[in-house]
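Q: After the C-alpha cells below, expect a handful of questions from me.
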Amino acid sequence: MKQLKTVFLYEYGNYMKNKVFLVFTIVVTALIILFLSVPPLFSDSISSIFGSSGSNTTAAVERTKSLLIVDKAGIFTSEEEAEKMLPEYNVKLQTSGSAEDAAIKDSINNGEYNGAFFINSGTDYTYMSKSNGITTGFDSDEIYAAVKAKYQLSLYNEAGLSQEQISALMTAPQLTVIESGGSDFGDTYIYTYVLLMVLYISIILYGQLVATAIATEKSSRAMELLITSAKPNNLIFGKILGTGTAGLTQIGIWLAAVLVFYNINSSFWSQYEFISRIFSMPVDIVIYAVIFYVLGFFIFAALYGALGSLVNRVEEINTVALPVIVLVLVGFFGAFTAMASPNNLVVIVLSYIPVFTPFIMFVRICVTDVPMYGIIISIALTAISAVGIGMLASKIYRLGTLMYGQRPSVKELAKMLKKSKSY
Amino acid sequence: MRLSVKDIEKSFASKHVLKGVSFESESGAALGLLGRNGAGKTTIIRIIMGVFPPDLGKIEIDGQKVSQSGKKFGYLPEERGLYPKQIVLNQIIYVGMLRGMNRHDAKESALRWLNRVGMTEYADKKLNTLSKGNQQKIQLAATLINDPDIIILDEPFSGLDPVNAQMLKDIVGELIDSNKIVLFSSHQMGYVEQFCDNIAMLNQGKIVLSGNLKEIKRGYDRSKVLICADIPDIKGKLAQLEIGGLAESIESKEPGEAVIKLKDAADKDKLLHKLIDSDITLDKYEILEPTLEEIFVEKAGEK
C-alpha cells in the first residue's frame, strides 16, 4: 500500500511538474475564461447560432445587421417601427421592388444588406440573402416572426379587438413536456451530450497518456530498475491512479473555471437557453458522471497500460491501440443509440458490459428510469473488471520486460500469461 | 549469508532458457556470472530478484525463501534503467522509496551516494543531460541507495573511463569487505578476474563451469613455462642447453620470449635449475596459466 502511494504520488507529481501538461491546462482555462467573460465580443455569432430569447432586455445587443424590407402590403408604417421589432437590424423600408430586381440582388451580394425581406402580401413573404451558411435560417425565422406578428396585430386592430384580447391572442401558450420516465428531453439531451463528449475525449486523452508513460518507461529501460524495486501491480495501478487523478485535476480546474465565470456572467448567459440548459443538470447526474468517468477511465487506462507494455517504442502505440479505440467508439455511438431508445434490448444488454457501461449506462440513467439495482450491478461489474484488467495489465507489464524486439502474438501472450498464473 | 540457486528451469513461450541452473554465492566474496549473449544470465538474475518465478527449482538465502528472508536487493541493470527526462536526485529518492525507505532517509542516502560517486553537482540536472559514464554512476547510486544485502551488477563497467572504473572497483571492494553478497555479470573477463573469487559460467542454459577461480585454473594444464631474457635468439640459445629431455617443444613468437612445453609439469623446478646454471640472465620465469578469457572461450564457445 505504501509502495502504491509512492508510485501514485510520483506519477501525479510528474504531471503537475510537466510543462506541456501545465501549459495545456492553463491555455484551456484561459480560453474558457475568455469565452465566458467577453460575451459582447462573441454576442453576435452566439445569438445567431443559439437564438436569443430576450434580446431586447439587454444592452449588449447592437444593431449589427442591415435589412431591406420591401413592403408591398403596407404592414410597416416606418423604419423605426420595424427596427423596434428587429433589435439587431438597421432597417431600410421601401414599398416597391421584387426578388428579380438586379439592384437589390447586387446590394445584398456586395454586403450593403444582410438580407432582403419581400412582403408580397399579408400572407406571402420572400426572404433573400447571400448564402450565409447555417445562420440564414435563424435570420429568416426571426424576421418572419416579426413580420407575421405585425401583420396579425394589424388584423386584430382592424377587427376592433381590445388590448387585452389582442395580447391574449398574441401570447403563445406555454407547453411543458413532462416525461414520466425521466426529465425533460431537451434539457437531458443537451447535458447528456456534453457529458458524453467530456467522457469520450478524456478517456482517449488520458488513456493514451498511460500507454505513453509505460511505453516510455520501456523504451528508456527505466522499467528494468522499477520492476526489480517494486511490485508490478503497484507500478501499474499507481500509474493509472496518478494519471487519472491528474486528469481529474485538469478537468476539475476547467469545470471550476466554467462554473465561476458562468456565474459571474450569468445575467448575460442565462438568456441563451442552450447554454443555461447545460448548467441546469441535476446534482445526481453530476455524481453519476464522476462515477462513470472514474470507472471508464480506469478500465480503459488499464487496457492502454497493457498495450503500452507490449510495445517497445512510443511510436508503436498507435498501431496496437486500434482495438481499444474501437471499443471506445462502440461505447460512444452505442450511447447515441441509447439516447434515442434507452430501453432497446440491445442497448440494455450493452449497458451491462463493463467496457460499454460508462457510456451507455450513463446515458440510460440520464434519459430514462434505470432501477437502482441495475445501476449498482453495472457499477460493481465495471469496477471489478477494471481491477481485473488492471491485474492483467500488470502481468503483461512484467512479461513485457522480456519482450524486446518482436511483439508477441495474442496466442503467445495467452500462453505466457497462463504460465505466470501461479506467481 | 549464503545465496543458493538450485536446479532452476525456465522457458518462455517455446524457448527453453534455463535447463537446471545451480550455483551458490557467499557473503564476503564476489561471484562472477559469465556467459555469452543469450546464455540466460539476465533471466537467472531476474529469477533471483523475483521478477518472475522459475518453472522448477528454488532460490534460497540461508535456507529460506527470498521473500521470507527479508534481505534487500540492489540491482544495476545492463540496460540502464532510469527516466531520461527527470531530475537525477528525485529519481534516486523514488527508487529508495519504492524499496521501502521513507523520504527523509532516501534523500539522505541519495545525497551520500551521489557524493561518493562524485556526482553531487548533477543532483538537480535531468538525467539525459549527463554523459554515459556519469549516468552509469547515477545508476550505481540508485542501486545502492537502500543499503542492499545482495548486490547484482550486470555489466557494471561498460562506459566507464579508467578513473571511474577504479572508483567502481573501490566501491565494489568495499561492498565485498562489508560482507555483502555480490553477483557480477560481465563479458570483460579482466574485471571478473580482479574481483571474483568464484565464477559460474552459463552456456546454453546450463552451468558449464563453476567454483573457485584459482582452483579452476589449477585444474588446467600447467606444463607451459614462459621465459623472458634479453637475448634476441632465445630459442637458439635454449636449444644449446641440454633441456631436450625435459621439453616437448620450444616456441618463440617474440624476440627474447619463449614458451617451453614440458613433457611433465613436475619438471618445472629441474628446468629452472638448468636455466640458473646456464649463462642466461632471466628476466621472467612463469608457469603459464590459462586466462579466464581463454577458459571462457573454451567452455562457452562449445556448442
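The values are calculated or read from the model by the stated rules, or taken from the named source; none is laboratory data. Only a predicted model underlies this, so the values are computations on that prediction, with no experimental measurement involved. For neighbour counting, all protein chains shown are included, and Cβ atoms are generated from backbone atoms with ideal geometry for every residue, glycine included.
Q: Restricting the stretch B:58-72 to residues that are closer than 23 Å to B:V172 by Cβ and in a loop (DSSP other than H, G, I, E, B), which is nearest to the other protein chains (Cβ to nearest Cβ)?
A: By that ranking, first place goes to B:K72.
Q: Just the residues that are over 18 Å from B:A200 (Cα atoms) and acidic (D, E), please, taken from the stretch B:45-68.
A: Those that are over 18 Å from B:A200 (Cα atoms) and acidic (D, E): B:D55, B:D62.
Q: Every residue in the stretch A:329-340 that is at pLDDT 85 or above and either out of contact with any Ser or Thr (no Cβ under 9 Å at 6 or more places or on another chain) or not assigned by TED's automatic domain parsing to the domain that holds A:G296 (or both), please.
A: Those that are at pLDDT 85 or above and either out of contact with any Ser or Thr (no Cβ under 9 Å at 6 or more places or on another chain) or not assigned by TED's automatic domain parsing to the domain that holds A:G296 (or both): A:L329, A:V330, A:F332, A:F333, A:F336, A:T337.
Q: If you scan the stretch B:56-89, which residues turn out to be surrounded by 16 or more Cβ atoms within 10 Å (Cβ to Cβ) and over 25 Å from B:S158 (Cβ atoms)?
A: B:G57, B:I59, B:E60, B:I61, B:V66, B:S69, B:K71
Q: Further question: From B:Y75, B:Y83, which residue is in a strand (DSSP E or B), in contact (Cβ under 8 Å) with a residue 40 or more places away in the chain and under 22 Å from A:I214 (Cα atoms)?
A: The match here is B:Y75.
Q: In a strand (DSSP E or B), away from chain A (no Cβ under 14 Å) and of a type in the set (G, A, S): does that describe B:G32?
A: Yes; evaluated as a whole, the condition is true for this residue.
Q: While we're looking at this one, here's another question. Taking the options B:I93, B:I59, name whichever one is more than 20 Å from B:L127 (Cβ to Cβ) and touching a helix residue (DSSP H, G or I) at 6+ places or on another chain (Cβ under 6 Å).
A: Answer to the selection: B:I59.
Q: Of A:G305, A:G252, which residue is part of a helix (DSSP H, G or I) and in contact (Cβ under 8 Å) with a residue 60 or more places away in the chain?
A: Being part of a helix (DSSP H, G or I) and in contact (Cβ under 8 Å) with a residue 60 or more places away in the chain holds for just one of A:G305, A:G252, which is A:G305.
Q: If I ask for residues that are more than 7 Å from chain A (Cβ to nearest Cβ) and either farther than 26 Å from A:Y12 by Cβ or charged (D, E, K, R) (or both), which ones from the stretch B:74-98 would you list?
A: B:G74, B:L76, B:E78, B:K85
Q: Now, a different point. Of the residues B:L275, B:L226, B:L271, which is assigned to a strand (DSSP E or B), farther than 30 Å from B:L175 by Cβ and either touching an Asp or Glu at 6+ places or on another chain (Cβ under 6 Å) or without any contact (Cβ under 8 Å) to a residue 60 or more places away in the chain (or both)?
A: Matching residue, one of B:L275, B:L226, B:L271: B:L226.
Q: Something else: What are the residues in the stretch B:260-298 that are in contact with a strand residue (DSSP E or B) (Cβ under 8 Å, 6 or more places away or on another chain) and surrounded by fewer than 17 Cβ atoms within 10 Å (Cβ to Cβ), if any?
A: Once the filter is applied, which keeps residues that are in contact with a strand residue (DSSP E or B) (Cβ under 8 Å, 6 or more places away or on another chain) and surrounded by fewer than 17 Cβ atoms within 10 Å (Cβ to Cβ), the stretch B:260-298 yields B:K261, B:K263, B:L272, B:I276, B:T281, B:L282, B:D283, B:K284, B:Y285, B:E286, B:I287, B:L288.
Q: Name the single residue, out of those in the stretch B:116-131 being out of contact with any helix residue (DSSP H, G or I) (no Cβ under 6 Å at 6 or more places or on another chain) and within 12 Å of chain A (Cβ to nearest Cβ), that is farthest from A:A215 (Cα to Cα).
A: Once the filter is applied, the top-ranked residue is B:K126.
Q: Can you name the residue in the stretch A:320-331 that is hydrophobic (A, V, I, L, M, F, W, C) and surrounded by 19 or more Cβ atoms within 10 Å (Cβ to Cβ) and, of all such residues, is nearest to A:F362 (Cα to Cα)?
A: A:V328
Q: Then there is this: Quickly run through the stretch B:99-115 and pick out the residues that are within 29 Å of the chain's Cα centre (by Cα) and either among the acidic types (D, E) or more than 10 Å from every other protein chain (Cβ to nearest Cβ) (or both).
A: Those that are within 29 Å of the chain's Cα centre (by Cα) and either among the acidic types (D, E) or more than 10 Å from every other protein chain (Cβ to nearest Cβ) (or both): B:S109, B:A110, B:L111, B:R112, B:W113, B:L114, B:N115.
Q: Let me ask another. Which of the numbered conditions does B:V51 fail, given that it passes all the others? Conditions: (1) out of contact with any strand residue (DSSP E or B) (no Cβ under 9 Å at 6 or more places or on another chain); (2) outside any loop (DSSP other than H, G, I, E, B).
A: Here B:V51 clears every test but (2).
Q: Search the stretch A:110-138 for residues that are closer than 19 Å to A:R63 by Cβ and pair each with any residue that is outside any helix (DSSP H, G or I) and modelled with pLDDT under 70 when their beta-carbon atoms are under 9 Å apart and the residues are at least 6 apart or on different chains.
A: Hits for this filter: A:N114/A:N132; A:G115/A:N132; A:F138/A:G51.
Q: Can you name the residue in the stretch A:216-249 that is at pLDDT below 85 and assigned to a loop (DSSP other than H, G, I, E, B) and is also surrounded by the fewest Cβ atoms within 10 Å (Cβ to Cβ) among such residues?
A: So the residue we want is A:R221.
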